[in-house]
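Contents: one structure, followed by commentary.
The values are calculated or read from the model by the stated rules, or taken from the named source; none is laboratory data. Bear in mind the structure is a predicted one, so any value in this text is a computation, not a measurement. Every residue, glycine as well, gets a Cβ built from its backbone with ideal geometry; the counts of neighbours run over all protein chains shown.
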Amino acid sequence: MVNEEKQIFHCFGCGEGGDIFTFLMKAGHFSFPQAVEELAKRYGVRLPSRELSLTQKKEVAKREVLYQINQMASDYFHELLTRRREGEAGRKYLSQRGIGKEIIEEHRLGYSLEGWDGLVQHLREKKVSLELAWELGLILPKKREGWYDAFRGRIIFPIFDLHHRVVGFGGRIVGEGQPKYINSSESMIYHKGEVLYGLHVARRCAPEKDCVIIAEGYFDLLTLHQCGLKHSVATLGTALTAHHIRTLRRYTKNLITVFDADPGGLQATLRSLPLFLEEEVVGKTIILPKGEDPDGYLRKGELEDFEKRLAGAVPLIDFFFERLMETHDVKTIDGKVKVAEEGMGLIGKIPDQIRRDFYIKALAERLDVQESLLIQVLRSSPKNRPKVGEDLKIRPAEKSLPKSEEMIIRLMIHGPELIPTISEEGILRELESPTLQRIGVALERLFQKKGRLDPAEVLEGLDEDLKGRLCAFTIQESGLEQGDRKKILEDCIQRIREKRKKKNDRELLKRIKEAENQKDDRSLEALLLERQARERKTDL
């Protein structure tokens with residue numbers, strides 16, 4: 001119900017209520033600053049600008065240019081596919097894959113020419129900085145001089161963020177050749193572990209369906225949407241992350257994975273389970289016939305069967321228990337012990353005590369043992385003990401938190417005027433410590449909701465295992481009152497991102513070595529290109 005005179009709303013069904021800002025935040029899934037900006041734009045109100053440092057102004061300006069370049073490239077690719085004679089090969093390919101015009105438009109699919117410099121020439125005509133286009137992974141430098149297109153002879157999949165801005169691209173080769181798929185390298189505006197393909201569409205359908213289907217590939221996602229299952233998203237060449245789950249949790253707590261029915265898909269399903277448990281989200285999985293993937297299965301005309309499997313999706317933890325029972329011989333004592341240890345290792349990650357007790361009971365029934373024995377397994381395992389919601393002050397693993405990350409939380413508490421800057425930077429998403437990230441997000445949400453910060457109010461909404469840590473941060477300023485807080489914040493953000501870059505570089509080198517050892521030329525080529533792009537960005 002909306003009361004126009006009093007400018008408030010109230011839902012008698014769920015009990016939600018508030019002003020126009022709260023309504024827009026709930027209905028459109030905006031943060032408070034985003035809701036203010038949206039209303040200001042809609043009614044022509046000019047907002048006072050927040051004073052930014054010179055570095056921040058440069059970063060904001062650069063981000064805006066990067067978004068503009070991606071949009072130009074997306075428009076170019078889309079026009080080639082939909083309006084130009086040269087895009088016939090792309091149109092024919094998509095038609096063969098069962099992708100119709102509605103989906104092509106909704107996802108702004110495109111096509112890249114087989115030549116070497118179609119996009120390069122287009123960007124030159126638009127007077128775009130080719131160095132920035134290179135930073136986005138759209139073009140690559142030639143060995144001597146000049147540039148060439150990174151995407152050639154491919155179906156192009158623009159990747160959108162929640163504000164419908166193009167942050168990156170994927171490309172699938174139309175003819176013969178390798179690698180079959182390539183993706184934009186990560187950039188200032190694109191991080192694979194934070195973006196989900198198709199979410200700009202799925203976010204409109206997820207609340208009504210009260211669930212989101214999570215697939216792995218571009219065509220898995222497009223075929224799901226083509227079949228009317230538009231509450232679907234896909235990961236982008238990376239495993240499901242805690243950030244992905246937190247993003248989806250804004251729309252629903254019911255998430256259903258549907259990965260390929262092969263060993264790789266099975267492992268992806270099992271790897272996702274701890275994330276669901278730790279984020280307190282109901283995770284389920286659709287089990288497809290052996291050897292099938294969502295795209296191929298649906299294109300065989302099995303939509304009705306797929307929907308039945310969707311309705312009967314198996315809870316991920318039950319799926320995990322079944323795999324344990326199949327892997328170990330539970331007719332033997334050793335087999336039961338292994339199932340108990342692995343099962344309780346996972347159950348120990350569940351924050352909610354009641355849910356944890358139910359799963360302990362379920363596992364005890366499967367093994368035909370007493371629940372007390374499984375509880376003893378949990379208590380006797382040092383590896384699990386910190387995971388079961390005990391007070392933070394007695395957790396060995398929590399004694400040394402990353403200093404720069406801890407300082408950002410202290411700055412939020414003792415300098416709440418810095419929270420808008422922290423939100424704009426998005427640095428909380430980059431914190432490695434789950435403890436600090438959860439506290440930071442709670443502080444940010446309260447500030448965005450009320451425009452002020454009262455730690456006592458934050459405590460009310462925090463889990464017991466975080467309250468002790470927040471109290472400690474609140475009581476001790478650690479010399480912050482003497483320093484330039486803005487400068488301290490900038491230094492912390494820089495150190496966190498430098499550490500993240502080094503970690504990403506190490507992981508990339510590890511993947512390169514694995515590809516070399518496995519003689520996987522296709523993956524190796526793509527990884528080497530990614531490393532080259534990263535090195536050249538650093539040189540700039």
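Do the conditions hold for Asp293, that is, is it acidic (Asp, Glu), surrounded by 20 or more Cβ atoms within 10 Å (Cβ to Cβ), at pLDDT 85 or above and out of contact with any Leu (no Cβ under 6 Å at 6 or more places or on another chain)?
yes
Just for the range 492-522: of the residues that are among the β-branched types (Val, Ile, Thr) and touching a residue at least 40 places away in the same chain (Cβ under 8 Å), which one is nearest to Ile427 (Cα to Cα)?
Only one residue tops the list, namely Ile493.
Could you tell me whether any residue of the range 267-274 is closer than 20 Å to Ala202 by Cβ and either acidic (Asp, Glu) or at pLDDT 90 or above (or both)?
no
Would you pick out the residues in the range 375-392 that are assigned to a helix (DSSP H, G or I) and either touching a His at 6+ places or on another chain (Cβ under 7 Å) or modelled with pLDDT of 50 or more (or both)?
Residues satisfying the conditions are Ile375, Gln376, Val377, Leu378, Arg379, Ser380.
Checking Asp75 against (1) modelled with pLDDT under 90; (2) out of contact with any Leu (no Cβ under 9 Å at 6 or more places or on another chain); (3) not aromatic (Phe, Trp, Tyr), which test does it fail?
With (1) modelled with pLDDT under 90; (2) out of contact with any Leu (no Cβ under 9 Å at 6 or more places or on another chain); (3) not aromatic (Phe, Trp, Tyr) applied to Asp75, the lone miss is (1).
Can you name the number of the only condition in (1) within 14 Å of Leu162 (Cβ to Cβ); (2) buried (at least 19 other Cβ atoms within 10 Å of the Cβ) that Ile214 fails?
(1)
Taking the residues in the range 155-181 that are without any contact (Cβ under 8 Å) to a residue 60 or more places away in the chain and among the charged types (D, E, K, R) as candidates, determine which candidate is nearest to Gln532 (Cα to Cα).
My answer is Arg172.
Considering the range 492-506 alone, what residues qualify as being among the acidic types (Asp, Glu) and surrounded by 14 or more Cβ atoms within 10 Å (Cβ to Cβ)?
Asp505
Kindly check whether there is at least one residue in the range 323-343 that is closer than 23 Å to His231 by Cα and among the hydroxyl-bearing types (Ser, Thr, Tyr).
no
Inside the range 512-535, can you point out the residues that are surrounded by 13 or more Cβ atoms within 10 Å (Cβ to Cβ) and either in contact with a Phe, Trp or Tyr (Cβ under 7 Å, 6 or more places away or on another chain) or modelled with pLDDT of 85 or more (or both)?
Listed by number, the list holds a single entry, Ile512.
Please specify each residue of the range 340-356 satisfying the condition of being of a type outside the set (Val, Ile, Thr) and in contact with a helix residue (DSSP H, G or I) (Cβ under 8 Å, 6 or more places away or on another chain).
Ala340, Glu341, Glu342, Gly343, Met344, Leu346, Gly348, Lys349, Pro351, Arg356
What is the one condition in (1) crowded, with 20+ Cβ neighbours inside 10 Å; (2) modelled with pLDDT of 90 or more; (3) within 24 Å of Leu529 (Cβ to Cβ) that Ile245 does not satisfy?
Among (1) crowded, with 20+ Cβ neighbours inside 10 Å; (2) modelled with pLDDT of 90 or more; (3) within 24 Å of Leu529 (Cβ to Cβ), the lone unmet condition for Ile245 is (3).
From the list Gly146, Gly118, Gly170, Gly177, pick out the single residue that is closer than 25 Å to Arg83 by Cβ and out of contact with any Phe, Trp or Tyr (no Cβ under 6 Å at 6 or more places or on another chain).
Testing whether each residue is closer than 25 Å to Arg83 by Cβ and out of contact with any Phe, Trp or Tyr (no Cβ under 6 Å at 6 or more places or on another chain) leaves just Gly118.
Restrict the check to the range 182-192 and report whether at least one residue is out of contact with any Asp or Glu (no Cβ under 7 Å at 6 or more places or on another chain), over 30 Å from Arg249 (Cβ atoms) and either touching a residue at least 60 places away in the same chain (Cβ under 8 Å) or surrounded by 18 or more Cβ atoms within 10 Å (Cβ to Cβ) (or both).
Yes, the range 182-192 contains a residue that is out of contact with any Asp or Glu (no Cβ under 7 Å at 6 or more places or on another chain), over 30 Å from Arg249 (Cβ atoms) and either touching a residue at least 60 places away in the same chain (Cβ under 8 Å) or surrounded by 18 or more Cβ atoms within 10 Å (Cβ to Cβ) (or both).
Just for the range 324-343: of the residues that are exposed (fewer than 12 other Cβ atoms within 10 Å of the Cβ) and not hydrophobic (A, V, I, L, M, F, W, C), which one is nearest to Gln376 (Cα to Cα)?
Asp334
So Ile214 passes all but one of these: (1) assigned to a strand (DSSP E or B); (2) outside the structural domain of Pro263 (by TED's automatic domain parsing). Which condition number does it fail?
Against the list (1) assigned to a strand (DSSP E or B); (2) outside the structural domain of Pro263 (by TED's automatic domain parsing), Ile214 comes up short only on (2).
Tell me yes or no: at least one residue of the range 276-289 is surrounded by fewer than 18 Cβ atoms within 10 Å (Cβ to Cβ), out of contact with any strand residue (DSSP E or B) (no Cβ under 8 Å at 6 or more places or on another chain), under 29 Å from Glu507 (Cα atoms) and touching a residue at least 24 places away in the same chain (Cβ under 8 Å).
Yes, the conditions are met somewhere in the range 276-289.
Find the residue count for the range 344-361, including only residues that are surrounded by fewer than 16 Cβ atoms within 10 Å (Cβ to Cβ) and at pLDDT 85 or above.
4
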